[in-house]
Amino acid sequence: MQIGNIRLSAPVALAPMAGITDMPFRIICKELGCGLVVSEMVSAKGLLYKNVKTFDMLRIAQEERPAAIQLFGSNPMELARAAKIVEADGADIIDFNMGCPVPKIVNNGEGSALMKNPQLAYEILARMADSVKIPVTVKIRAGWDEKNINAPEIALLAEKAGVAAIAVHGRTREQYYNGKADWNVIKKVKETVKIPVFGNGDILTAADGLRMLKETGCDGLMIGRGADGNPWIFTEIINALNGSCGKYEVPLDVRLHMIERHLHMLKDFKGEVIAVKEMRRHAGAYLKGMPMAAEYRRRINELNTCEEFGALLREYRNEAEKFLAAKHNFCSEAD
Ligand SMILES: Cc1cc2nc3c(=O)[nH]c(=O)nc-3n(C[C@H](O)[C@H](O)[C@H](O)COP(=O)(O)O)c2cc1C
């Protein structure tokens, strides 16, 4: 799959997720086969006001490339200027956010509010695409609400504006993240434009990914929550695309090693205090479905240092191994 002049190693992208897709997590996903990573949403205004924390969000590691930085805003001139900053800072692709549903954003006419304002969306995208040499992409929703499903119309305008690829989350703004994503809308967008289309929404397994490709005809898959705590989904999907199926059961050791490594990457990137705080959430996601997850999630939420984290993970490894061995023995006896 190709976006402008950028060739992806695989037609599978990590969806932008605020609070999750920072540099460490993107590197992990890339290592496990993801073809394109996208940053958390970055405020165009924050860049123009030279906010230090906003600038930190532009950092890209060599090993995660190609990487897209996602911008949000609603002022065409500001977004064009912010796009130039992002380009100069070394991003490979600039993505524009037209999907964020939260009132703080929508009430400023940003994020998914732009689904209700196609003319302004066109102007923003045209100015952004004109102002930089790197590809500009856009991520949209199905529409504002079920009475206003206009993703195909917006996609056509985006293409006309010079956008190089489009990601469609098959939910309306009114749905937030609830209910089911409507993959039929993704299919309609694919039938409407010539630029590559990423299908997004409810891909939780490799089988879902294959079904999305088949049912919508989309060019690439974009995965959000399915990768949260499970970056191995990328390996599984790449394997499935190459014809081998079967779920990859992540061994306990591999999972725990990943939590520890993720923690240390976060520490190097953001310092210990923030790393431990943010890792509480990530670790909870990595432990989903594991033995005694609820108890250990509660204890993880009380940790304050990397050392405490390491000690608790070691304790968890011992307890979980005992639990799994007992379960194995019980099952063997039952056989
Ligand atoms: C915690 C969280 C944060 C998100 N942040 C962003 C964001 O910054 N930009 C964006 O375009 N979408 C964002 N999204 C939406 C996802 O990119 C994706 O469109 C949505 O979760 C549906 O895909 P999924 O079913 O694969 O999760 C976010 C979703 C979640 C759950």
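The values are calculated or read from the model by the stated rules, or taken from the named source; none is laboratory data. Nothing here was measured: the structure is a model prediction, and the numbers come from that model. With ideal geometry, Cβ positions are generated from the backbone for all residues, glycine too; neighbour counts draw on all protein chains shown. The accessibility values were calculated without ligands, DNA or RNA, using every heavy atom of the protein model including side chains. Shrake-Rupley method; radii C 1.70, N 1.55, O 1.52, S 1.80 Å.
Per-structure values
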| read-out | value |
| --- | --- |
| Failed item, numbered, when Ala80 is tested on (1) touching a residue at least 40 places away in the same chain (Cβ under 8 Å); (2) within 13 Å of the ligand (Cβ to nearest atom) | (2) |
| Selection count, the stretch 194-241, where residues are of a type in the set (Phe, Trp, Tyr) and more than 11 Å from the ligand (Cβ to nearest atom) | 2 |
| Counted residues, the stretch 172-186 - those being aliphatic (A, V, I, L, M) and touching an Asp or Glu at 6+ places or on another chain (Cβ under 6 Å) | 1 |
| Pick from the stretch 83-130, criterion among the polar types (S, T, N, Q) and in contact with a Leu (Cβ under 9 Å, 6 or more places away or on another chain), ranking: nearest to Glu153 (Cα to Cα) | Gln119 |
| Residues being open to solvent by 40 Å² or more (accessible area, probe 1.4 Å) and either assigned to a helix (DSSP H, G or I) or of a type in the set (Ser, Thr, Tyr) (or both) - total across the stretch 32-69 | 8 |
| Residue that is nearest to the chain's Cα centre (by Cα), among those in the stretch 206-249 that are under 26 Å from Gly310 (Cβ atoms) and surrounded by fewer than 18 Cβ atoms within 10 Å (Cβ to Cβ) | Thr235 |
| Which numbered condition Asn184 misses (of (1) over 30 Å from Ala275 (Cα atoms); (2) under 14 Å from the mean Cα position of the chain (by Cα)) | (2) |
| Contacts under 8 angstrom Cβ, first residue in the stretch 320-333 being under 20 Å from Ala293 (Cα atoms) and in a helix (DSSP H, G or I), partner of a type in the set (A, V, I, L, M, F, W, C) and at pLDDT 75 or above, 6 or more apart | Ala320/Leu252; Ala320/Met290; Ala320/Met292; Glu321/Leu252; Phe323/Met292; Leu324/Leu252 |
